[in-house]
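The values are calculated or read from the model by the stated rules, or taken from the named source; none is laboratory data. It should be emphasised that the depicted structure is a prediction, and the values quoted were computed from it without experimental measurement. FYI the Cβ positions are ideal-geometry reconstructions off the backbone, even for glycines, and counts take in every protein chain you see.
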Amino acid sequence: MAEPRLRLHGHPFSSYCWKALIPLYANGTEFEFVGMEDGKPLCEQFAGKSHPGGHIPVLEDGETVVIEATSIVEYLAVHYPGPAPLIPADPAEAVTARMIDRVFDNYVMGNMQRVVAAHFISRDKPELGLRDEPDASEVAAGKARLRQAYGWLEKWLETHDLSPHVSLVTCAAAPALFYADWIEPIPDSAPRLRRLRAELLALPAVSRCVEDARPYRPYFPLGAPDRD
Ligand SMILES: N[C@@H](CCC(=O)N[C@@H](CS)C(=O)NCC(=O)O)C(=O)O
């Protein structure tokens, strides 16, 4: 049997890798998952060397290398379309989808990562391990910013419908809300956002990511809650 043309370099516990995996699963796109080599710094591996910030995920399509999870979703929408409408066909709706993708990345994912990073001795060298005590001011700031983002999204959801099919927005929202809620639970005062998280986690492409990541939960620096 021929090797799949697409190779996704990543880690099953990485939120941004879920963002690239969800569209691949939802569209039944054939690909090979290339995991990270244990004990080798990311910056010395193909993925780390391919990205200006040394990040995963990285998609390889023959000679083409695509970095940044949003761009990977956009690339798949153009080159490997399938039943899941990743980018709205209507240009005005596509603008909104891209705007909300930025909101989830910058203000939910970003602040979730900020709190996680506050637990590491060095953000740039996670292999150095965890601090004895997290940086309290970074943790407090990241959590406050998460609450601010939740408030904004709840208000936005009052007037906008995010139907839970797989799209750019779903790909960004599902991992962001999954992990952010572990750090700063979405409050009862944001019922639409809480409902959205539950609906997203029920999507088959998303629950596959949740299950594949389950063995790695002991590595979550804040301790993974006993749920989800
Ligand atoms: N802007 C990047 C962010 C990717 C990112 O933050 N990836 C994390 C994993 S979720 C990573 O590579 N962490 C390892 C490191 O920074 O050394 C994207 O959208 O793809």
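Figures for the structure shown
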read-out: Some residue of region 139-154 being assigned to a loop (DSSP other than H, G, I, E, B) and of a type outside the set (F, W, Y); value: no
read-out: Subset of region 12-27 that is surrounded by fewer than 20 Cβ atoms within 10 Å (Cβ to Cβ) and under 15 Å from the mean Cα position of the chain (by Cα) - its residue that is nearest to the ligand (Cβ to nearest atom); value: F13
read-out: Region 28-38 - residue that is touching a residue at least 24 places away in the same chain (Cβ under 8 Å) and not aliphatic (A, V, I, L, M) and, of those, nearest to the ligand (Cβ to nearest atom); value: G35
read-out: Test: residue in region 113-128 that is more than 9 Å from the ligand (Cβ to nearest atom), in contact (Cβ under 8 Å) with a residue 12 or more places away in the chain and over 24 Å from P12 (Cβ atoms); value: no
read-out: Test set (1) farther than 30 Å from A26 by Cα; (2) part of a loop (DSSP other than H, G, I, E, B) - P221 fails condition number; value: (1)
read-out: Test for P185: is it at pLDDT 95 or above, assigned to a loop (DSSP other than H, G, I, E, B) and loosely packed, with under 15 Cβ neighbours inside 10 Å; value: yes
read-out: Qualifying residue in region 92-101 (condition: farther than 30 Å from D38 by Cα, within 16 Å of the ligand (Cβ to nearest atom), without any contact (Cβ under 8 Å) to a residue 12 or more places away in the chain and out of contact with any helix residue (DSSP H, G or I) (no Cβ under 6 Å at 6 or more places or on another chain)); value: yes
read-out: Test: P175 is within 12 Å of the ligand (Cβ to nearest atom), at pLDDT 95 or above and within 21 Å of the chain's Cα centre (by Cα); value: yes
read-out: Residue within region 49-59 that is away from the ligand (no atom under 14 Å from the Cβ), in a loop (DSSP other than H, G, I, E, B) and out of contact with any Lys or Arg (no Cβ under 6 Å at 6 or more places or on another chain) present; value: no
read-out: Residue tally, condition in a helix (DSSP H, G or I) and under 20 Å from P134 (Cα atoms), over region 92-118; value: 10
read-out: Qualifying residues in region 60-74 (those that are buried (at least 17 other Cβ atoms within 10 Å of the Cβ) and within 18 Å of S167 (Cβ to Cβ)) - the one farthest from the ligand (Cβ to nearest atom); value: E74
read-out: Sole residue being away from the ligand (no atom under 13 Å from the Cβ), buried (at least 18 other Cβ atoms within 10 Å of the Cβ) and part of a loop (DSSP other than H, G, I, E, B), chosen from A89, A84, A77, A2; value: A84
read-out: Any pair with Cβ under 7 angstrom, 6 or more apart, that starts in region 44-58 at a residue that is free of Cβ contacts under 8 Å to residues at least 12 places away in the same chain and within 14 Å of S71 (Cβ to Cβ) and ends at one that is near the ligand (Cβ under 6 Å from one of its atoms) and among the polar types (S, T, N, Q); value: none
read-out: Residue within region 36-50 that is under 21 Å from Y219 (Cβ atoms), surrounded by fewer than 18 Cβ atoms within 10 Å (Cβ to Cβ) and of a type in the set (A, V, I, L, M, F, W, C) present; value: yes
